[in-house]
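Here the structure is laid out as structure tokens; the discussion comes afterwards.
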Amino acid sequence: MRYLLRRSAHAAFLLLGVSLLAFAFTVLAPGSYFDEMRLNPQIAPETIVALRSRYELDRPLPVRYVHWVISLAHGDMGFSFAYNTPVAPLLLVRARNTLLLTVTVMLLAWGIALPLGIWSADHLGRLPDRLLSWGTAALLVIPDLVLALGLLVIAVKMGRLPTGGMVSLNFENLSFLGKTRDLLLHMALPVAALVLSVLPLLVRHVRAAVAEVLLAPFLLAAEGHGIPRRTLLYRYALPAAANPLVALFGFSIGTLLSGSLLIEVVMSWPGLGPFLLEAILARDIYVVIGGVLLSTLFLVGGNFLADLLLYWADPRIRTETGA
Amino acid sequence: MKQEPAESALVKTNQTGSSESSPFSKGAEDVNFGSLPIRFALFTPPSCFNMPCMASILEVRDLRVTYRSRGGPAFRALDGVSFSLESGEVLGVLGESGSGKSTLATSLLGLFCANALTVSGTVLFEGQDLLQAKPGELQKIRGNRISLIFQEPSVALHPTMRAGRQIRHVLAAHGTKGRRGFDQRTREVLEQLFFAEEAERIRRSHPHQLSGGQRQRVLIAQAIACGPSVIIADEPTASLDPTTQMEILGVFRALRKSLSLTMMFITHNPALLAGFADRILVLYAGRVIELGPAQGVLASPKHPYTRSLFQSIPPLASAPRQAGKKKLPAISGDSFSSSVPREGCPFEPRCPERMDICKSREPGLVNLSETHTVSCFRYEGQ
Amino acid sequence: MTAESHETSEPLVRVENLVKHYSKRKLVGSVEEVRALDGVSFSIFRGTTLAIVGESGSGKSTLAFCLACFEKPTSGNLWFEETSLSGLKEKDRRVIRRQIQLIFQDPANSFNPRWSVLEILTEPLVLQGNLSRDEMHPRAQALLEQVGLSSHLGEKLPSELSGGQRQRLGIARALGLRPKLLILDEALSALDCSVQAQIANLLMELQASLGMTYLFISHDLAMAAHLADEIAVMSRGQIVEQGAPEEILTHPENRITRELLAAVPRLDLSRPPLAES
């Protein structure tokens with residue numbers, strides 16, 4: 001338990017640090033939401049000054065931070081200038097969409113990478129393994145953007161898959177089954193793009209980790225006891241290779257989040273990506289800060305999950321930390 | 001070509017061996033090792049080639065395994081090994097590093113590492129050649145009919161799996177059905193090796209929570225879980241403390257008695273075989289150089305290698321030393337270079353009793369008695 | 001060559017009431033003390049061998065580490081040639097450390113696997129810094145010869161050597177620093193019987209020719225009795241019995257000693273067999 005407590009404290013500190021940094025950088029960055037208004041002759045300079053003071057843009061940084069934290073405690077996360085509402089509800093809808101995408105991708109990518117990597121490690125150095133290695137190497141060198149655009153082109157040519165958005169126009173009129181189908185169809189492209197972008201890395205790591213463990217004496221011993229190959233690979237080799245893979249799991253959440261921001265923009269998925277981009281361009285600072293904080297929360301949450309997994313998978317950690 | 005003299009010698013043995021009508025009538029004198037009467041040891045012919053041997057449970061004929069070695073020529077780990085394992089006996093296999101003893105242990109079960117280049121010969125177990133067996137058939141034999149106990153208990157157990165679970169996996173692999181069956185058998189096996197109150201704790205422990213001796217007992221539990229007829233133990237006590245080593249030897253002794261196990265006990269330390277093994281097979285550079293009843297081999301070793309090996313072990317001299325420290329009569333050189341294929345006896349470069357003939361020809365097996373054979377020119381024509 | 005007959009009666013190493021405690025954290029707040037060494041005293045005379053025998057976990061290795069200045073004892077005193085190691089500055093400690101060399105069970109771990117045998121041997125000579133480049137090569141060759149390794153092994157990698165050759169190389173590297181004390185921590189335990197005998201003979205030769213002093217740490221009472229002038233039996237961080245080998249072998253007083261003695265596997269069949277467990 002101490003281990004988990006320590007990890008939680010760690011996470012809390014990280015979030016605090018990130019919120020401070022995000023706040024400082026966005027606020028100190030040149031320009032503000034109301035700069036554009038100045039160029040508009042129809043708006044009086046007094047109005048802008050009034051707006052600035054209303055939104056506390058003229059107050060010193062620490063005061064604004066404290067006020068922001070208070071607003072966070074109220075569940076508002078500041079105020080969006082562009083939408084003229086509190087940030088939190090806006091952000092949460094997008095975050096939900098992003099989570100839907102990333103969690104699906106995470107499950108799918110690991111679900112494919114584990115058996116593929118294990119199979120590859122079992123056939124180490126033989127033809128199927130070498131072919132797979134070439135395949136993953138090729139996928140690795142293609143930039144995510146090119147991958148996404150390529151998929152879009154294919155989808156457009158095929159004409160079957162929707163190439164943007166999350167639901168069709170007539171979504172509200174569909175039955176539950178129809179809604180699910182519609183959503184899945186819309187998810188297909190971004191999910192495919194993201195899976196293809198993280199998969200090669202995962203497969204390679206799984207392969208390397210399992211291949212190393214397959215040489216361990218306890219596997220030879222298990223084989224000597226007549227344990228079937230499948231059990232040997234999945235129940236013996238995989239748990240023993242878990243430590244580096246769990247670390248990779250935490251790490252892959254990070255890459256996936258940054259990757260998904262890009263893919264969301266390209267495939268116009270209504271997630272955090274396009275929303276944040278828009279907010280950054282408009283200098284809608286509280287939205288930006290909120291978005292960054294939320295992404296960090298996902299990342300920290302993912303790593304916490306990885307720690308939990310590790311704790312569960314490796315009894316040696318449990319003893320070491322005296323839980 | 002080189003092997004011819006060996007084979008003819010073996011055939012000869014076979015004939016003398018088979019002419020003995022009743023195995024119990026002769027040779028089974030009152031030899032007692034500990035409290036165990038050893039009967040099988042003294043009538044067993046060292047190898048049976050052409051005719052079925054009633055008592056033998058595992059028969060190895062002309063086993064050869066070569067490994068790929070970096071740069072150099074293929075390394076001959078086993079070079080024409082033939083012997084048989086008699087039902088109920090403990091065969092001590094004595095060999096130092098590079099003698100091929102570990103290769104012997106694993107190849108009997110068809111476990112070859114990736115760089116094994118060629119394998120030939122036969123390993124007959126219950127009428128089946130294990131070297132020709134399909135992977136599925138082998139898997140059913142491993143851990144079920146023939147069990148292997150590896151050296152280094154610290155690395156032979158899965159690091160993140162509870163001991164009980166590791167035993168259950170073995171049971172599951174060989175057809176024990178149902179959760180109940182697993183649990184009951186796991187408990188039974190553990191209680192054979194630990195005190196009842198301790199067994200439950202061990203069952204739920206992870207390997208890192210166990211001491212070296214406890215880990216070795218868990219390994220033994222895995223090996224006997226399915227009630228095998230043969231156990232091959234490869235240096236099972238090498239990494240243990242002396243007192244723990246004795247403890248584990250005691251475990252083997254007790255099990256052997258209670259389960260009437262046939263055992264192949266591989267070690268580099270001849271002293272461990274005293275009072276435990278029925279017969280001793282001495283392996284050098286992948287060849288059987290001496291095979292005989294344990295008492296005979298330990299009391300009067302015939303091959304120069306066996307003899308020098310025994311002498312190089314410091315005696316527990318209780319007499320006070322007179323003139324300072326005496327050197328041990330060590331064997332010069334290193335068996336490591338024997339991987340280079342060469343003419344003649346493999347031990348010749350290090351042999352204190354070498355003769356001219358040893359350089360040019362390889363000695364065949366010579367029968368010193370019905371049960372004791374040695375591969376050395378010293379005894380040829382006697 | 002017993003301690004008394006040796007010309008110098010002053011000890012090379014003197015250890016007095018050495019204590020080493022480790023604190024191991026168990027649960028929140030509670031700290032468990034592990035007494036690895038619990039008041040150990042002994043002396044080693046020049047040119048002699050003291051064997052420390054005991055089970056694993058008896059504190060043998062901690063003792064070696066404290067003597068070799070790798071660990072700081074919790075309390076107690078250590079003298080090396082009348083210099084007290086307790087209050088020594090780091091700089092002086094390094095000078096002493098060079099004279100006390102430690103040899104482990106498998107030296108392979110301490111060799112850089114990409115270096116050749118000669119490179120491994122010259123490294124400590126370079127660190128020592130008082131030899132010119134031209135002198136180093138012959139010195140390394142001489143070291144090889146001293147430990148009975150043929151000079152054509154010089155270009156080999158440690159992975160190409162056998163266990164016995166690697167242990168010889170470990171000894172050669174230690175000798176390169178011209179140490180006065182060699183601590184052999186289970187140095188023979190991982191070797192085959194015939195190779196153990198070879199290395200034991202080498203150690204005796206080196207003692208005769210260089211006047212080396214050894215601290216031989218082992219769980220093998222037979223080998224210890226063969227090599228040592230004096231044996232100390234350790235258990236739970238304390239020396240429970242100490243004396244000349246023949247005395248320990250014939251009249252073991254302590255229960256631990258008797259257990260260790262009973263556990264030595266013997267070749268001779270005359271001895272009564274082991275009680276079955």
Selection from A:Thr231, A:Ala155, A:Leu184, by position along the positive dipole direction of region A:149-249 (Cβ): A:Ala155
Most to least packed among A:155-163, C:175-183, A:31-39, B:278-286 [average Cβ atoms within 10 Å]: B:278-286, C:175-183, A:31-39, A:155-163
Surrounding net charge for A:Leu132, when Lys and Arg each add one and Asp and Glu each subtract one, Cβ distance under 13 Å: +2
FRET efficiency for C:Ser84 and C:Ser150, using Cβ-Cβ distance with R0 set to 41 Å, rounded to 0.05: 0.45
Cα extents of region A:219-323 along the three principal axes, largest first (Å): 66, 36, 14
Globularity index of chain C, i.e. its alpha-carbon radius of gyration over 2.2 N^0.38 Å: 1.05
Region A:63-114: relative contact order in percent, alpha carbon pairs under 8 Å with at least 6 residues between: 17
Per-residue HN-Hα couplings for region B:290-301 [Karplus 6.51, -1.76, 1.60; θ = phi - 60°; Hz; x = Gly/Pro]: 7, 8, x, x, 4, 4, x, 5, 6, 7, 9, x
Residue among C:Pro158, C:Pro265, C:Pro107 with the largest mean-square fluctuation in a Gaussian network model of chain C, springs linking Cα atoms under 10 Å: C:Pro265
D_trans [Stokes-Einstein, Kirkwood Rh over alpha-carbon pairs] for the protein assembly as shown, 4 °C, 1.567 mPa s, µm² s⁻¹: 39
Neighbourhood net charge (13 Å Cβ-Cβ; Lys/Arg +1, Asp/Glu -1) for C:Ser150: -1
Residue-averaged beta-carbon neighbours from other chains (10 angstrom radius) around C:195-205: 5
Peptide C:213-226 - average C-beta neighbours from other chains (10 Å radius): 3
Cα extents of region C:188-238 along the three principal axes, largest first (Å): 35, 26, 14
Cα centroid of region A:16-44 to Cα centroid of region A:48-66, whole Å: 10
Exceeding the 25 Å Cα-Cα cut-off - candidates B:Lys302/B:Lys359; C:Lys89/C:Lys180; B:Lys327/C:Lys72; B:Lys302/C:Lys156: B:Lys327/C:Lys72; B:Lys302/C:Lys156
Partner chain coverage, peptide A:232-243 - average Cβ within 10 angstrom: 2
Whole-number accessible area per residue in Å² for region A:88-295, which is evaluated in the context of all protein chains at 1.4 Å: 47
Cα-based Kirkwood hydrodynamic radius, region A:88-295, one decimal, Å: 19.1
Estimated translational D of region C:81-213 in µm²/s (Stokes, Kirkwood radius over Cα pairs; 25 °C; 0.890 mPa s): 159
Whole-percent pair-distance distribution, where bins are 5 Å wide, for the alpha carbons of region C:103-142: 5, 23, 28, 21, 15, 6, 1
Cβ-placed point charges (K, R +1; D, E -1), dipole of the protein assembly as shown about Cα centre in debye, nearest 20: 2020
Helical contribution to [θ] at 222 nm, DSSP H n ≥ 4, -39,500 (n - 2.57), averaged over chain C, rounded to 500: -10500 deg cm²/dmol
Dipole axis of the protein assembly as shown (+1 Lys, Arg; -1 Asp, Glu on Cβ), positive-most option in A:Leu308, B:Ala116, C:Gln196: A:Leu308
Contact order normalised by residue count of region C:128-260, Cα under 8 Å, 6+ apart, percent: 16
Protection-proxy order for peptides C:185-193, C:215-223, C:200-208, each taking the mean of Cβ atoms within 10 Å per residue, highest first: C:215-223, C:185-193, C:200-208
Percentage, to the nearest whole number, of Cα pairs in region A:26-96 over 20 Å apart: 38
Lys, Arg +1 and Asp, Glu -1 on Cβ, resulting dipole of region A:88-295 about Cα centre, debye, nearest 20: 360
Spatial separation of Cα centroids for region B:153-177 and region A:172-247, in angstrom: 24
Inter-part distance where region B:192-265 and region C:43-74 are each reduced to a Cα centre, Å: 32
Extreme residue, positive dipole direction of region A:88-295, given options A:Leu90, A:Leu220, A:Leu261 (C-beta unit charges): A:Leu220
For chain A: relative contact order, % (alpha-carbon pairs under 8 angstrom, 6 or more apart): 29
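The values are calculated or read from the model by the stated rules, or taken from the named source; none is laboratory data. Because the structure is predicted, anything quoted here is derived from the model rather than measured. Ideal geometry is used to build each Cβ from the backbone, glycine not excepted, and the neighbour counts take in all protein chains shown. All accessible areas refer to the heavy atoms of the entire protein, side chains included, with ligands and DNA or RNA removed. Shrake-Rupley method; radii C 1.70, N 1.55, O 1.52, S 1.80 Å.
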